[in-house]
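J.: Right, I'll just put the structure down here and ask away after.
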Amino acid sequence: MDMNEENKNAAEQQEEGTGMKGIIEEVNIDEEMRSAYIDYSMSVIVSRALPDARDGLKPVQRRVLFGMEGLGLDYSGQTKKSARIVGEVLGKFHPHGDSSVYDAMARLAQNWNQRYPLVYGQGNFGSMDGDPVAAMRYTEAKLEKLANDVLGDMEKDTVDFQLNFDDTIQEPTVLPTKAPLLLLNGSAGIAVGMATSIPPHNLGEVIDAMKAYMQDESISTRELMRYIKGPDFPTGGIVINEEELLNIYETGVGKIKIRGKVEVEKAKGGKLNLVITEIPYPMIGLNIAKFLSDVAALSETKKTMDIVDISNQSSKEGIRIVIELRKDTDVENFTNMLYKKTRLEDTFGVNMLAIADGRPETMGLKQILKACTDFQFEVATRKYTTLLEKEKEKKEIQEGLIKACNVIDLIIEILRGSKDRNMAKRCLTEGTTDGIRFKSKESKIMAQQLMFTEKQANAILEMRLYKLIGLEIEALINEHEETMSNIFRYEDILERKDSMAQVIINELNQIKKEYSKPRKTEITNKEEAVYEEKKPEEMDVMFLMDRFGYAKTVDMATYERNKEAADTENKYVVKCKNTGRICLFTDIGQLHTIKVTDIPYGKFRDKGIPVDNVSNYSAFRETILCVASQTELNLYRMIFVTKQAMMKVVDGGEFDVSKRLVAATKLNEGDEVVSVTVIKEQRNIVLQSKDGYFLKFAIEEIPEKKKGAVGVRGMKLSDKDSIEAVYYIQNAVETAIPYKNKNLVLNTLKPGKRDGKGIKVRA
């Protein structure tokens, strides 16, 4: 018996012992995981992250609006605590955490995020600067007026409903919005393996384009763009690549370049103020603070000397960032610098992905308008079908009441002669007169011929006596005429597509009249910003870096005043040009170059910046062995020594590179650099091995190689031995090192030859 059969028998015995029986089924783990992941990804795609092309809403947004409508939070009514709203949505429709619901509701209320907010928020709902929304217990909300058009007509069976997560309450699968929200407010979301990013647009333009499509379904995207000029961001700004919009709207994919809008104001003393009044849409939030810090950094790093001060004077009224400039500033060149070096010019990545017919689809402008238009026709068909049925029911009842008024005496006779309601009802509907006392035989015959419908009979039995007043009868006749008119109109709308189209157009015109706003974003073509960087005046500075890797530069006068402290507190002190580069050599054989202009320049007691932040150097995986200026390297040669005793001399000019990261030397497998030194007055080199061997020889014995070479062997080592330290000696200067609790004078070591074994120094 094999192991599988033994396990199976054991399982069966266990089940018999516990009174339980089951089936053990073998499954392929790869297939099971693949199936589970596909199910999960589709759930995220369809039910959470992506908007529906019909109403332009994600499930959580749809549930928030529906939940608020269920709480009676009409725009004309009172607000309610956000916590109450979140609880309603969370408990009934969206069990995915209160933060997801509250964040979605808050976003629907933020006029810098939404071009047309659907929620009215009272309290702290954050700010454009990235300030967080207050806790839900402190804020209140209700629906905006526009949301009525999103939620309206649901009672007319315009959309399908489905059971919620626990099958207790019905919720709509889509909202019967009349306005194409997918284009109006746009959308952003990250699903599994895909993401959507749809820019907002102007309501008036979108409605005009939608009407144009309804009138001519063969209309091209280029013709639609006669109505939709481009995106209309709530933060304004200037779209500068108008010529690329056609391709973006045709494919649904592309990049929109946006610039902030700037104005120049004259200040006191002849100074100029550059005022930013509109920003690119991607800048909202914490990116505004990042922009301010980037502008300040331009001044701190001496990239520009034109900035006097910068302040953020933004408020609820709008953006106002003021940059105070010097009198002689070239404003145009300075503005171009902001466009080139900050997020004042940014890119909005477009990927118009939405759920269409139950699956994700990247849609162009025309496809989105088609989806919205088809949905409007579907909603209108269901709406007017429901209205027609209701009018036909009213017609039936009205005709019954009018007929009853004409034979009211006979009906009264039937009612008085009947023993109960059912007897009277059977007489009215079926002509059954058994058991009813009539005043005459003629009345009985007439009663047998009435033949009212079920609904008519119920209406007659429930009719109040005041309805018999002459004016009431006249009003009933007028109401019947109105009902017949409605039936004729509804049938015409349902039978003729052009009639239904006109109804939809009329509704769109009403929405445009009530909610249309002037365009905020300017659409144009502009050339790429050209910035002529002013070359700073070349001068000597001192590069200072402490043992923690924090670096800064100071002028020579500052260094001379603080020379003792600078040399004591810093691990590396290097003289360089402010226009030059600093070279960092590491133990893994890499060369990192840093522009001196990227290093903070200023006061001696400033902390500086980690070199990791201005280079590709990582303190976690490599160690700095040598720091030198590129100017210095061009004048001298360098020695490289590795752990395996490989060494070479390299001309420093080879390291005059513009790349931030290059290989400084080639290493054998498992090897690492032990020492990198600039050769100046040194004449001899001493290699110290881990096992205590010392080898002293002249530097001239080391051949000069290219930086890409491995080098030559400098010392014979045993299998487990390696180079531990490297020392350099000047002939006229005594060099001593501590070794085994004694000072070892390296000058006294017996000179040898390169590639020798060396001598073992004993204590």
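We did not get these values from a lab; they are worked out from the coordinates using the rules stated. Because the structure is predicted, anything quoted here is derived from the model rather than measured. Here the Cβ is made from the backbone with ideal geometry for all residues, glycine too, and neighbour counts use every protein chain on show.
J.: Using the crude model of +1 on Lys and Arg Cβ and -1 on Asp and Glu Cβ, and no other charge, please compute the dipole size for region 371-514 relative to its Cα centre, in debye to 20.
T.: With only Lys, Arg, Asp and Glu charged at Cβ, the dipole is about 620 debye.
J.: Neighbour counts of other C-beta atoms within 10 Å: give me Arg222, Arg489 arranged from fewest to most.
T.: Arg222, Arg489
J.: Another question about this same structure. What does the extension gain come out to for Lys659 and Lys441, with contour length at 0.36 nm per residue minus their alpha carbon separation?
T.: Here the answer is 66.9 nm.
J.: How would Asp328, Asp98 line up from fewest to most surrounding beta-carbon atoms within 10 angstrom?
T.: Asp328, Asp98
J.: Using a 7 Å offset from the Cα along the Cα-to-Cβ direction at both Ala267 and Ile473, what is the distance between the two label points in nm, to one decimal?
T.: Calculated label separation equals 8.7 nm.
J.: Something else about it: To the nearest 10 degrees, how steeply does helix 421-430 sit against the main Cα axis of the chain, on a 0 to 90 scale?
T.: Helix 421-430 sits roughly 80 degrees off the main axis of the chain.
J.: Could I ask something else about it? Can you flag which of Lys643/Lys690; Lys271/Lys526; Lys290/Lys595; Lys156/Lys390; Lys257/Lys520 are past 19 Å Cα-Cα?
T.: Check vs 19 Å cut-off fails for Lys271/Lys526; Lys290/Lys595.
J.: Can you give the Rg and Dmax of region 626-721 based on its C-alpha atoms, in angstrom?
T.: Final numbers for Rg and Dmax: 13.6, 41 Å.
J.: Which semi-axis lengths, in whole Å and largest first, follow from the square roots of five times the eigenvalues of the Cα gyration tensor of region 681-759?
T.: Each semi-axis is the square root of five times an eigenvalue, giving 21, 17, 10 Å.
J.: Considering Cα pairs under 8 angstrom that are at least six residues apart, work out the relative contact order of the chain and quote it in whole percent.
T.: So the answer I get is 9 percent.
J.: I need the shape label for region 273-414. Rule: rounded when a/c is under 1.5, else prolate if a/b > b/c, else oblate, with a, b, c from the alpha carbon gyration tensor.
T.: prolate
J.: What length, rounded to one decimal in nm, is gained on full extension from Asp691 through to Ile402, with 0.36 nm per residue of separation minus their alpha-carbon distance?
T.: 92.1 nm
J.: Please list, by residue number, every one of the GluC sites (Glu not before Pro) in region 676-748 that is coil in DSSP and has at most 14 other beta-carbon atoms within 10 Å.
T.: Counting only loop positions with at most 14 other Cβ atoms within 10 Å, the GluC sites (Glu not before Pro) in region 676-748 are Glu681, Glu734.
J.: Modelling each spin label as a point 7 Å along the Cα-to-Cβ direction, I'd like the Arg547/Gln448 distance in nm, to one decimal.
T.: The two pseudo-label positions are separated by 12.1 nm.
J.: Calculate how steeply helix 497-515 sits against the longest principal axis of the alpha-carbon atoms of the chain, using the helix alpha-carbon long axis, and give the answer as 0 to 90 degrees to the nearest 10.
T.: 60 degrees
J.: Taking N as the number of residues in region 371-514, what is its Cα Rg relative to 2.2 N^0.38 Å?
T.: In units of the globular-protein estimate, region 371-514 measures up at 1.44.
J.: Quick one: go through region 681-697 and flag any residue whose amide nitrogen is under 17 Å from the point 7 Å out along the Cα-to-Cβ line of Leu635.
T.: Answer for this model: 681-682.
J.: Turning to a different aspect of this structure: Compute the helix-to-body angle for 203-215: its Cα long axis versus the longest principal axis of the chain, expressed 0 to 90° and rounded to tens.
T.: It is inclined by approximately 60 degrees.
J.: Follow-up. Would you compute, for the Cα atoms of region 50-177, the largest minus smallest coordinate along each principal axis and list the three values in descending order, in whole Å?
T.: The principal-axis extents, from largest down, are 41, 30, 28 Å.
J.: Please order Lys211, Lys145 by the number of other Cβ within 10 Å, starting at the fewest.
T.: Listed from fewest to most nearby Cβ atoms, that is Lys145, Lys211.
J.: Using the basic label-point model (7 angstrom from Cα toward the beta carbon), what is the Ser293 to Lys757 distance in nanometres?
T.: In this crude spin-label approximation the distance works out to 6.0 nm.
J.: Among rounded, prolate and oblate, which fits region 90-130 when a ≥ b ≥ c are the square roots of the eigenvalues of its C-alpha gyration tensor, a/c under 1.5 means rounded, and a/b larger than b/c means prolate?
T.: Here region 90-130 falls in the prolate category.
J.: Something else about it: When only Cα pairs under 8 Å and 6 or more residues apart are kept, what is the percent relative contact order across region 261-343?
T.: Computed value for region 261-343: 33 percent relative contact order.
J.: Also, quick follow-up: What lysines could a cross-link reach from Lys145, if we take a straight Cα to Cα line under 17 Å and drop same-chain neighbours fewer than 8 places away?
T.: Lys80, Lys178, Lys512, Lys513, Lys517
J.: 222 nm [θ] for the chain, helices only, -39500 (n - 2.57) per DSSP H run of 4+, per residue, to 500?
T.: One gets -11000 deg cm²/dmol as the mean residue ellipticity at 222 nm.
J.: Which whole-Hz couplings ³J(HN,Hα) result when phi for each residue of region 268-273 is put into the Karplus expression 6.51 cos²θ - 1.76 cosθ + 1.60, θ = phi - 60°, listed in order with x for Gly and Pro?
T.: 5, x, x, 6, 10, 10
J.: From zero outward in steps of 10 Å, how is the percent of C-alpha pairs of the chain spread across the bins?
T.: 2, 10, 13, 13, 12, 13, 12, 9, 5, 3, 2, 2, 1, 1, 0, 0
J.: I would also like to ask the following. Just need log10 I(q)/I(0) for region 530-588 at q = 0.29 Å⁻¹, Debye formula, equal scatterers on the alpha-carbon atoms, no solvent, rounded to two decimals.
T.: Treating every Cα as an identical point scatterer, log10 I(q)/I(0) equals -1.25.
J.: Compute the Rg to Rh ratio over region 174-283 from the alpha carbon atoms, using the Kirkwood formula for Rh, and round to two decimal places.
T.: Expressed as Rg/Rh, it is 1.09.
J.: For q values of 0.13 Å⁻¹, compute log₁₀ I(q)/I(0) with the Debye formula on a Cα-only model of region 540-760, without solvent.
T.: -0.80
J.: Also, I was wondering about something else. In whole Å, what are the extents of region 109-203 along the principal axes defined by its C-alpha atoms, from largest to smallest?
T.: 42, 33, 31
J.: State log₁₀ I(q)/I(0) for region 261-343 at q = 0.27 Å⁻¹ as given by the Debye formula over alpha-carbon point scatterers of equal weight, solvent excluded.
T.: -1.63
J.: Just the ratio, please: alpha-carbon radius of gyration of region 423-503 over 2.2 N^0.38 Å, N its number of residues.
T.: Taking N as the residue count of region 423-503, the ratio is 1.61.
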